[in-house]
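Structure first, commentary second.
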Amino acid sequence: MALPWKIHGDGKNVASNEIVAPEERLSWPRTIGFGAQHVVAMFGATFLVPLITGFPPSTTLLFSGIGTLLFLVITKNKLPSYLGSSFAFLAPITAATASGGPAVALGGVVIVGALLAVVGILVNLTGTRWIDALMPPVVSGAIVALIGFNLAPAARDNFAISPLIATITLLAIVLSAVVFKGLLGRLSIVLGVAVGYIASVVAGEVDFSAVGDAAWVGLPEFTTPSFSADNISVYLMFLPVVLALIAENVGHIKGVGQLTNRNLDQLTGRALFADGLATVLSGIGGGSPTTTYGENIGVMAATRVFSTAAYWVAGITAILLGLSPKIGAVIYTIPAGVLGGVTTALYGLIGIIGVRIWVENKVDFSKPKNQLTAGIALILGIANFTVAFGGVTFTGIILGTVAAIVVYHLMNTVGRLRGTDV
């Protein structure tokens, strides 16, 4: 069977005024090299999620690779993307695990994935205009921002376990982002983890005993999700994540479209469905939920290589890494102090992504509807307001999300009825 990519030019070089399109590739040695870059770009963030949540890293790597290949098939090899671990799930997974254990948290992951897949089907049938109407930039930015800032206490708790190591890790992340350019600059989180890890080894805070016992090759640990009517309030905490995932996927599509000078909006439904299905599969097996990765867009922007062949290489590589329990055991040795430093930066960056949505879309904060939409949502999320009603508990993320949508549309509707733009 013929492979779906045609050779770009001589297969060796990319002219300064050209790109390697998704349906093209360079020679296989070069394509494998570009695929390896995508593995490096996704790896740090992808393994951090299972470390923070307690999910098995090898299982997460396995399903991120499977999810990526599934995404490429569903989008017909037209949309280059890597599906890595989603940070949008961290807050509800942490809360769900604390109250009911990992199986309950995985149940929430599967539910969100199924809902996202349904949204993808709807978008495929109806288009994306209703998404833009429901979540204008001030709303989507607020939702993404409050999910990140809601996690601040978790970062504080990890930091407090080993303040010195956490500080070294955080300082390494900050300096890496300034000192290095190109790919290394975008991998500041990975470099920070490496520096913090070395400092932890020197300080005697790393336990390698499990690494020696782990096999080089073998199946990862699988966990079955659980579903129960008693956990409705837990599942509700996950629902706002659907909106965040929609925003991430739509942003990814528009970003790739801009870089390749193509309109890829027609692939939105397929992308949402693929990401939802990949999240369902990962949740069923005990891995972390997935989303499209901005880190890999950065690699494509730097190299001008948008070939989906490179992503097939990256996906297959992730699957192979997931089939090595020893690699998972090494990842698990990263101590809490390193996580404290990393999450302090990382959770803040998630929040700033929401702020960037406001900036890039030029949200006018002189208007009361935008001020109150963002302000109320952020306070509810950051302070983690909690409301119990009818035996169901609503926490800060879902309250903030609902507030962002309701406040904006209520003020916008009343303003229009009065003939004013508030």
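Quickly run through segment 198-240 and pick out the residues that are assigned to a loop (DSSP other than H, G, I, E, B), exposed (fewer than 14 other Cβ atoms within 10 Å of the Cβ) and not aromatic (Phe, Trp, Tyr). Once the filter is applied, which keeps residues that are assigned to a loop (DSSP other than H, G, I, E, B), exposed (fewer than 14 other Cβ atoms within 10 Å of the Cβ) and not aromatic (Phe, Trp, Tyr), segment 198-240 yields GLY204, ASP207, ALA215, VAL217, GLY218, LEU219, THR224, SER228.
A Cβ distance below 7 Å, combined with a sequence gap of six or more or placement on separate chains, defines the contacts here; from segment 237-248, residues that are touching a residue at least 40 places away in the same chain (Cβ under 8 Å) reach residues that are outside any helix (DSSP H, G or I) and of a type in the set (A, V, I, L, M, F, W, C) in the pairs LEU243/MET135; ALA247/MET135. None of ASP213, ASP230, ASP157, ASP132 is under 30 Å from LYS369 (Cα atoms) and of a type outside the set (A, V, I, L, M) except ASP132.
The selection criterion, being surrounded by 19 or more Cβ atoms within 10 Å (Cβ to Cβ), in a loop (DSSP other than H, G, I, E, B) and out of contact with any Asp or Glu (no Cβ under 9 Å at 6 or more places or on another chain), holds for PRO22.
If you go through segment 271-300 and keep only what is modelled with pLDDT of 90 or more and more than 14 Å from ALA114 (Cα to Cα), you end up with GLY285, GLY286, GLY287, SER288. Residue count for segment 252-263, restricted to those that are over 15 Å from the mean Cα position of the chain (by Cα) and either surrounded by 21 or more Cβ atoms within 10 Å (Cβ to Cβ) or part of a helix (DSSP H, G or I) (or both): 7. Summed over segment 291-306, residues that are of a type in the set (Ser, Thr, Tyr) and closer than 16 Å to GLY257 by Cβ total 1.
Every listed requirement among (1) in contact with a helix residue (DSSP H, G or I) (Cβ under 7 Å, 6 or more places away or on another chain); (2) without any contact (Cβ under 8 Å) to a residue 40 or more places away in the chain is met by PHE63 save one, (2).
Listed by position, the helices (runs of 4 or more DSSP H) inside segment 60-163 whose residues that are touching a Leu at 6+ places or on another chain (Cβ under 8 Å) and either farther than 29 Å from THR260 by Cβ or hydroxyl-bearing (Ser, Thr, Tyr) (or both) number at least 1 are 90-100, 102-126, 137-149, 152-161. A Cβ distance below 6 Å, combined with a sequence gap of six or more or placement on separate chains, defines the contacts here; from segment 375-389, residues that are farther than 17 Å from TYR347 by Cβ and touching a residue at least 24 places away in the same chain (Cβ under 8 Å) reach residues that are among the β-branched types (Val, Ile, Thr) and surrounded by 16 or more Cβ atoms within 10 Å (Cβ to Cβ) in the pairs ILE376/VAL407. Yes or no: ARG356 over 30 Å from LEU72 (Cα atoms) and surrounded by fewer than 17 Cβ atoms within 10 Å (Cβ to Cβ)? When the stated conditions are applied, ARG356 does not pass them.
Among the residues of segment 287-314, the ones that are crowded, with 24+ Cβ neighbours inside 10 Å and either closer than 25 Å to ILE111 by Cβ or free of Cβ contacts under 8 Å to residues at least 60 places away in the same chain (or both) come to 7 in all. Would you point out the residue of segment 377-422, among those that are of a type in the set (S, T, N, Q) and surrounded by 14 or more Cβ atoms within 10 Å (Cβ to Cβ), that is modelled with the lowest pLDDT? Looking at residues that are of a type in the set (S, T, N, Q) and surrounded by 14 or more Cβ atoms within 10 Å (Cβ to Cβ), I get THR393.
The values are calculated or read from the model by the stated rules, or taken from the named source; none is laboratory data. All figures in this text were calculated on a predicted structure; none of them were measured in a lab. In this analysis, Cβ positions are derived from the backbone assuming ideal geometry, glycine residues included, and neighbour counts consider all displayed protein chains.
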